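Undergrad: Take a look at the following structure, please.
The values are calculated or read from the model by the stated rules, or taken from the named source; none is laboratory data. These numbers come from a predicted model, not from an experiment. Methodologically, a virtual Cβ is constructed for each residue, glycine included, from the backbone with ideal geometry; neighbour enumeration extends over all protein chains shown.
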Amino acid sequence: MPLSFDLRWPFHKSTSGADFWVLHADIRLENSVGLHAPVAVNLSATVREVMPSLEACDAEAPVINTLRKEVDRRQVEFLKSGKLVPVNFSSRHYDFKRNKWVFGKASDEEIILMIERKVYWQTRLYGGPVWIGDPTEALYVETSPVHVVELARKLADQELITLEGEWVSANAALMAQAERFEADMRAALAELESKHAFERKTSTVDL
């Protein structure tokens, strides 16, 4: 699903007395009728110890990827008006043995699909060209920006995109696949909404 993230810096110490820091953010579902998810990112003391700082330059990439992973796990619900939902920014995504963030290793096929979707949606919503050398996205799929660009060349060879360095322009052949990308988004949103509807129903029954 096409997402955008509005991170409201800086982190601030929890006012509840708990030992964590909080960053408010809003995840917007693009190409929707105003659907979004306001969240409070709760950074644990354990993660704070491995962070160089809580400034955007050091924290933005892992924060965005933590939120993205929560969306992928169907843990975040998008509504037209929703209440603030806590999201734990914990050590679950940090590999202490290798001293690195880990959000899940993607296959080359999955990365190529990510590139296709990114280029389609950004071109569709905002125009191009599209930057595919984003270290934050490379971190999310546990690879390097260089490898992402290498995989993009396969799409260029199929004449789906035009590649210039780390920048991509969508060709007509890619944009002609609009129904595929739109259907993927509808299916993902329907699955997410179904999950949360079931959870609300279960919660009501339990009460």
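This table checks each residue for (1) in a strand (DSSP E or B); (2) within 14 Å of the chain's Cα centre (by Cα); (3) closer than 30 Å to Val33 by Cβ.
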position: Val76; (1), (2), (3): no, yes, yes
position: Val87; (1), (2), (3): yes, yes, yes
position: Lys97; (1), (2), (3): no, no, no
position: Glu109; (1), (2), (3): no, no, no
position: Met114; (1), (2), (3): no, yes, yes
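Undergrad: For the range 38-74, name all the residues that are assigned to a loop (DSSP other than H, G, I, E, B) and more than 18 Å from Trp9 (Cα to Cα). So that I can check it myself, show each step before the final result.
TA: Of the residues in the range 38-74, the ones assigned to a loop (DSSP other than H, G, I, E, B) are 51-55, 73-74.
Across the range 38-74, the qualifying residues are Arg73, Arg74.
Undergrad: Pick from the range 123-137 the residues that are in a helix (DSSP H, G or I), of a type outside the set (D, E, K, R) and in contact (Cβ under 8 Å) with a residue 40 or more places away in the chain: which of them is nearest to Met185 (Cα to Cα)? Don't jump to the end; show me each part of the working.
TA: Filtering the range 123-137 down to residues in a helix (DSSP H, G or I) leaves 123-126, 135-137.
Still in the running and of a type outside the set (D, E, K, R): 123, 125-126, 135-136.
Pick out the ones that are also in contact (Cβ under 8 Å) with a residue 40 or more places away in the chain and you get 123, 125, 135-136.
Values: Thr123: 16, Leu125: 14, Pro135: 24, Thr136: 22 Å.
Among residues in the range 123-137 that are in a helix (DSSP H, G or I), of a type outside the set (D, E, K, R) and in contact (Cβ under 8 Å) with a residue 40 or more places away in the chain, the one nearest to Met185 (Cα to Cα) is Leu125.
Undergrad: Can I ask one more? In the range 11-26, which residues are under 15 Å from the mean Cα position of the chain (by Cα) and surrounded by fewer than 19 Cβ atoms within 10 Å (Cβ to Cβ)? Give the steps one after another, and end with the answer.
TA: Residues of the range 11-26 that are under 15 Å from the mean Cα position of the chain (by Cα), as a first pass: 25-26.
Correct list: Asp26 only.
Undergrad: Follow-up question, since we're still on this one. Among the numbered criteria (1) crowded, with 16+ Cβ neighbours inside 10 Å; (2) under 28 Å from Val33 (Cα atoms), which one does Tyr126 miss?
TA: Going through (1) crowded, with 16+ Cβ neighbours inside 10 Å; (2) under 28 Å from Val33 (Cα atoms) one by one, Tyr126 breaks only (1).
Undergrad: Does Asp134 count as surrounded by 13 or more Cβ atoms within 10 Å (Cβ to Cβ) and among the charged types (D, E, K, R)?
TA: Numbers: surrounded by 13 or more Cβ atoms within 10 Å (Cβ to Cβ): yes; among the charged types (D, E, K, R): yes.
Here the answer is yes, as Asp134 does meet what is asked.
Undergrad: If a residue must be outside any helix (DSSP H, G or I) and touching a residue at least 40 places away in the same chain (Cβ under 8 Å), how many such residues does the range 169-207 contain?
TA: Number of matching residues: 3.
Undergrad: Give Glu142, Glu164, Glu150 a once-over and let me know the one that is of a type in the set (Asp, Glu) and farther than 14 Å from Ile112 by Cα.
TA: One residue alone meets the criteria, Glu164.
Undergrad: Among (1) closer than 21 Å to Thr143 by Cα; (2) in contact with a His (Cβ under 7 Å, 6 or more places away or on another chain), which single condition is Trp21 missing?
TA: Of (1) closer than 21 Å to Thr143 by Cα; (2) in contact with a His (Cβ under 7 Å, 6 or more places away or on another chain), only one is false for Trp21: (1).
Residue-wise test of (1) surrounded by 15 or more Cβ atoms within 10 Å (Cβ to Cβ); (2) in contact (Cβ under 8 Å) with a residue 40 or more places away in the chain.
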residue	(1), (2)
Asp6	no, no
Trp9	no, yes
Arg28	yes, no
Met51	yes, no
Leu54	yes, yes
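Undergrad: For the range 156-168, state whether one or more residues are part of a loop (DSSP other than H, G, I, E, B), in the same structural domain as Trp121 (by TED's automatic domain parsing), among the charged types (D, E, K, R) and closer than 18 Å to Glu70 by Cα. Full working, then the answer.
TA: Kept after step one, since they are part of a loop (DSSP other than H, G, I, E, B), are these residues of the range 156-168: 158-160, 165-166.
Of the ones still in play, those that are also in the same structural domain as Trp121 (by TED's automatic domain parsing) are 158-160, 165-166.
When the remaining residues are screened for being among the charged types (D, E, K, R), the result is 159, 166.
Now restrict to residues that are closer than 18 Å to Glu70 by Cα: none.
No - not one qualifying residue is present in the range 156-168.
Undergrad: Which residue out of Gly165, Gly133, Gly104 is out of contact with any Phe, Trp or Tyr (no Cβ under 6 Å at 6 or more places or on another chain) and either among the hydroxyl-bearing types (Ser, Thr, Tyr) or modelled with pLDDT under 95 (or both)?
TA: Working: Gly165 fails: either among the hydroxyl-bearing types (Ser, Thr, Tyr) or modelled with pLDDT under 95 (or both); Gly133 fails: either among the hydroxyl-bearing types (Ser, Thr, Tyr) or modelled with pLDDT under 95 (or both).
Checking each option against the conditions leaves just Gly104.
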